[in-house]
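**Student:** What follows is a structure written as structure tokens; I'll ask about it next.
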Amino acid sequence: MGGTEVLCSPARAVAAAVREAAIAIGAAEDFIPHVERPADPKHGEYSSNAALVLSGRLGRRPHDIATDLAERIDCERAGVSDVSVAGPGFLNFRLSDRVLWDGLRDLLSQDVEWGRSTAAHPLRYNVEFVSANPTGPLHVAHGRGAAIGDATASLLEWTGHDVTREFYVNDAGRQIELMGESVDIRMRQASGEQVEMPERGYQGAYIIDIARNLADKIGQDLSGMERPARVRLLSERAAALLRGEQESDLVDFGVRMDRWFDESSLYGGGEVSDLLDRLGESGLAYLDEGAVWLRTTDLGDEKDRVLVKSDGSHTYFVSDIAYHLDKAVRGFDRAIDVWGADHHGHVPRMQAALTSLGLDEDFLEVLLIQLVTVMQDGEEVRMSKRTGQFVTLRDLVAETGPDVARYFFLMRRAEVPLTFDLDLALDTSEANPVYKVQYAHARMCSVFRRGDVDPETIAATDADLAHLDSGTERQVLMRVLRFPESVRAAAQARAPYQICNYLEEVAAAVNGWYHEGNLDPERRLLADGPSRPARLALARAVQVTLRSGLTLLGISAPERLERETG
């Protein structure tokens, strides 16, 4: 299956051939050549600067080294038809037709499995994301974390790992009690009492809705209760309602969690108390002025951190440590957490604490999600969770649809702030990147409908692929064959945006190819002649690839769109 390896990762095969030739002329055994796609396709499918890198090490002119390497490279094993030397010593490679044809046949035979691969060392991943406090509706920043967390989990699954999607429910602590107090105030106000909402109370209109809901459901049960018990019950019921709404909003957004893990269970199950005992016995924790502290300065932190306050209440840090230890106990090899950018300082403390407790230093990986700014008509739509003037995920999805919302959240790096352009999101033309990709998929489907062709019956063996031209059609084929390689690279980098970039690149090439038929009838995909079977095979490859890429991102691949004939 050597040909398949070249197919699935042609860059890897080219790099291996360059490395072998380099070692033969004196390069170190650990030399790893860099291989990339040239900016100009006329130069071939891949290029390498290996000769320039080796020049100083070998004491020879780059051009001479490049010529020597080109002569030694085994083109057949590398899956290339020729190697050329350009400029001061760049190596350019053109893939052989055999590799491309084998690749197309393999793509069509894999169909829905196209882009998936097995891992040399499969791991069990726990991907925890969103994890919003059950004190209010999900807002757009939660939506970005949901999209990136879900897509990252999918990338890991597509590359052969076992993944559990998890939501950590912060149902313990002062914020839950404060919500109960806020609901209690709204209920008392509704009954005519003259009471004011505390300054830090939850002011949003959703609190009034919850108060009405709970008054109808448990109003009788509250009568006669002392206020602490009343607030405690309201806190529990309100949190349950909001958690249900959050789950419903995520399902509407296309995200389904495998597990909802309650922070409160760590206290009820004894994990927190066991952790405190363990830290005390190890000397990592100490008592000072009535509070329990963790010696995080010994772990590289700027100051020690409180685990238990002097009033006996626990900080989120202690339950967070216990929670991640529980993940290890449950058998996960790696934990990937998707956190907001405001948790940046918490990352090294958590990693150091877990390492000090015996976990592998690679166990915890954190993806930090930067803030989202929603813009419409050139103005920012303000968000404020306390006053209730924030953009909810539910409202955004209702406005744009889940496909557009997900794609916009995914198409930029997680570590940079995102401006969500609502005007562009509502544009149904190809100026909107998600529609650009979906139109490309729908156009291929329309070709099959107009030609009365069942795409599932198309096989590359039925076509003489030599009839594909060496220009546009070869470039389209090259792009779709890079899909598995792109998935692996995005998974390794935890970067779903790379798949968005890839899909838009494919869509641009496909839409250009499709529109060539508007200028030349003989270039139409359904034009009669010897090229027709090969073009239909390529159209099917495009359809499969775009469908797989959109599916990976949790986005639909419609077969019909109103403007699909563009």
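**Student:** Which members of the stretch 389-411 meet the condition of being surrounded by fewer than 19 Cβ atoms within 10 Å (Cβ to Cβ) and either over 19 Å from Ser248 (Cβ atoms) or touching a Lys or Arg at 6+ places or on another chain (Cβ under 6 Å) (or both)?
**Tutor:** Of everything in the stretch 389-411, just one residue is surrounded by fewer than 19 Cβ atoms within 10 Å (Cβ to Cβ) and either over 19 Å from Ser248 (Cβ atoms) or touching a Lys or Arg at 6+ places or on another chain (Cβ under 6 Å) (or both), namely Gln389.
**Student:** Looking at Phe390, Phe408, which one is part of a helix (DSSP H, G or I), of a type outside the set (Asp, Glu), touching a residue at least 12 places away in the same chain (Cβ under 8 Å) and farther than 30 Å from Gly300 by Cα?
**Tutor:** None of the others qualify; the one that does is Phe408.
**Student:** Turning to a different aspect of this structure: Pick out the one residue from Arg200, Arg232 that is part of a helix (DSSP H, G or I) and either under 20 Å from Asn170 (Cβ atoms) or in contact (Cβ under 8 Å) with a residue 60 or more places away in the chain (or both).
**Tutor:** Arg232
**Student:** Identify the single condition in (1) under 23 Å from Phe129 (Cα atoms); (2) hydroxyl-bearing (Ser, Thr, Tyr); (3) surrounded by fewer than 18 Cβ atoms within 10 Å (Cβ to Cβ) that Ser356 does not satisfy, given that it satisfies every other one.
**Tutor:** Ser356 satisfies all of (1) under 23 Å from Phe129 (Cα atoms); (2) hydroxyl-bearing (Ser, Thr, Tyr); (3) surrounded by fewer than 18 Cβ atoms within 10 Å (Cβ to Cβ) except (1).
**Student:** Now for a separate question. For the condition outside the structural domain of Asp298 (by TED's automatic domain parsing), β-branched (Val, Ile, Thr) and not in a helix (DSSP H, G or I), what is the one hit in Val338, Val374, Val397?
**Tutor:** Val374
**Student:** Is at least one residue of the stretch 154-165 modelled with pLDDT under 95 and on the phi > 0 side of the Ramachandran plot?
**Tutor:** No; the residues of the stretch 154-165 include none that is modelled with pLDDT under 95 and on the phi > 0 side of the Ramachandran plot.
**Student:** I want to confirm something. Restricting to the stretch 154-179 and keeping residues that are charged (D, E, K, R) and not in a loop (DSSP other than H, G, I, E, B), which single residue is farthest from His142 (Cα to Cα)?
**Tutor:** Asp162
**Student:** Can you tell me which of (1) free of Cβ contacts under 8 Å to residues at least 40 places away in the same chain; (2) acidic (Asp, Glu); (3) not in a helix (DSSP H, G or I) is the one Glu430 doesn't meet?
**Tutor:** All conditions are met except number (1).
**Student:** Then there's this: Under 8 Å by Cβ, and 6 or more places apart or on different chains, what pairs join a residue from the stretch 169-185 that is more than 20 Å from Glu128 (Cα to Cα) and touching a residue at least 24 places away in the same chain (Cβ under 8 Å) with one that is of a type in the set (Asp, Glu) and part of a helix (DSSP H, G or I)?
**Tutor:** Partner pairs satisfying both residue conditions: Gly180/Glu236.
**Student:** Just to verify a result, which residue in the stretch 414-448, among those that are in the same structural domain as Leu538 (by TED's automatic domain parsing), of a type in the set (Val, Ile, Thr) and closer than 17 Å to Ala147 by Cβ, is surrounded by the most Cβ atoms within 10 Å (Cβ to Cβ)?
**Tutor:** Checked the stretch 414-448; the qualifying residue surrounded by the most Cβ atoms within 10 Å (Cβ to Cβ) is Val437.
**Student:** Is there any pair linking a residue in the stretch 218-229 that is in a helix (DSSP H, G or I) to one that is of a type in the set (Lys, Arg), with Cβ under 9 Å and at least six apart or on different chains, and which?
**Tutor:** Short answer, once both residue conditions are applied: Ile218/Arg237; Leu222/Arg230.
**Student:** Against the condition surrounded by 14 or more Cβ atoms within 10 Å (Cβ to Cβ), farther than 19 Å from Thr392 by Cβ and either assigned by TED's automatic domain parsing to the domain that holds Ala153 or touching a residue at least 24 places away in the same chain (Cβ under 8 Å) (or both), how does Leu214 come out, does it pass?
**Tutor:** Criteria met by Leu214.
**Student:** I've got another one for you. Looking at (1) touching a helix residue (DSSP H, G or I) at 6+ places or on another chain (Cβ under 9 Å); (2) surrounded by fewer than 20 Cβ atoms within 10 Å (Cβ to Cβ); (3) modelled with pLDDT of 95 or more, which one does Glu247 not meet, given that it meets all the others?
**Tutor:** (1)
**Student:** Now, a different point. When you scan the stretch 114-153, how many residues do you find that are over 21 Å from Ser248 (Cβ atoms) and either out of contact with any strand residue (DSSP E or B) (no Cβ under 8 Å at 6 or more places or on another chain) or not hydrophobic (A, V, I, L, M, F, W, C) (or both)?
**Tutor:** Qualifying residue count for the region: 13.
**Student:** Let me ask something else. Between a residue in the stretch 516-531 that is in the same structural domain as Asp469 (by TED's automatic domain parsing) and any residue that is assigned to a loop (DSSP other than H, G, I, E, B) and not aromatic (Phe, Trp, Tyr), which pairs come within a Cβ distance under 6 Å, given they are 6 or more apart or on different chains?
**Tutor:** As it stands, the answer is Gly517/Arg524; Leu526/Gly451, since those pairs meet every condition given.
**Student:** Hey, Gly554 hits all of (1) within 14 Å of Ser446 (Cα to Cα); (2) assigned to a loop (DSSP other than H, G, I, E, B) but one; which does it fall short on?
**Tutor:** Result: Gly554 fails condition (1) only.
**Student:** State the number of residues belonging to the stretch 248-273 that are in contact (Cβ under 8 Å) with a residue 24 or more places away in the chain and farther than 16 Å from Ala153 by Cβ.
**Tutor:** Going through the stretch 248-273 one residue at a time, the tally reaches 9.
**Student:** Evaluate the following for Asp454: is it more than 34 Å from the chain's Cα centre (by Cα) and either of a type outside the set (Lys, Arg) or exposed (fewer than 14 other Cβ atoms within 10 Å of the Cβ) (or both)?
**Tutor:** Considered against the rule, which asks whether it is more than 34 Å from the chain's Cα centre (by Cα) and either of a type outside the set (Lys, Arg) or exposed (fewer than 14 other Cβ atoms within 10 Å of the Cβ) (or both), Asp454 comes out as no.
**Student:** For residues that are out of contact with any Leu (no Cβ under 6 Å at 6 or more places or on another chain) and either closer than 21 Å to Trp101 by Cα or in the same structural domain as Phe483 (by TED's automatic domain parsing) (or both), scanning just the stretch 18-46, find the one that is modelled with the highest pLDDT.
**Tutor:** Of everything passing the filter in the stretch 18-46, Tyr46 is modelled with the highest pLDDT.
**Student:** What about Phe448, is it aromatic (Phe, Trp, Tyr) and farther than 20 Å from Phe93 by Cβ?
**Tutor:** yes
**Student:** What's the total number of residues in the stretch 76-131 that are closer than 26 Å to Ser548 by Cβ, assigned to a strand (DSSP E or B) and of a type in the set (Lys, Arg)?
**Tutor:** Qualifying residue count for the region: 1.
**Student:** For the stretch 265-305, which positions are touching a helix residue (DSSP H, G or I) at 6+ places or on another chain (Cβ under 9 Å), buried (at least 17 other Cβ atoms within 10 Å of the Cβ) and in a strand (DSSP E or B)?
**Tutor:** Ala285, Val292, Leu294, Arg305
**Student:** Could you tell me whether the stretch 218-228 includes any residue that is more than 24 Å from Leu138 (Cβ to Cβ), hydrophobic (A, V, I, L, M, F, W, C) and loosely packed, with under 12 Cβ neighbours inside 10 Å?
**Tutor:** No.
**Student:** Would you pick out the residues in the stretch 280-305 that are within 35 Å of the chain's Cα centre (by Cα) and closer than 18 Å to His324 by Cα?
**Tutor:** Result: Leu294, Thr296, Leu299, Arg305.
**Student:** Which residues, counting only those in the stretch 306-326, are surrounded by fewer than 15 Cβ atoms within 10 Å (Cβ to Cβ) and either modelled with pLDDT under 90 or not hydroxyl-bearing (Ser, Thr, Tyr) (or both)?
**Tutor:** Lys309, Asp311, Gly312
The values are calculated or read from the model by the stated rules, or taken from the named source; none is laboratory data. Since we're looking at a predicted model, the values are computed, not measured. Because the Cβ atoms are built from the backbone with ideal geometry, glycine has one as well, and the counts that use them run over all protein chains shown.
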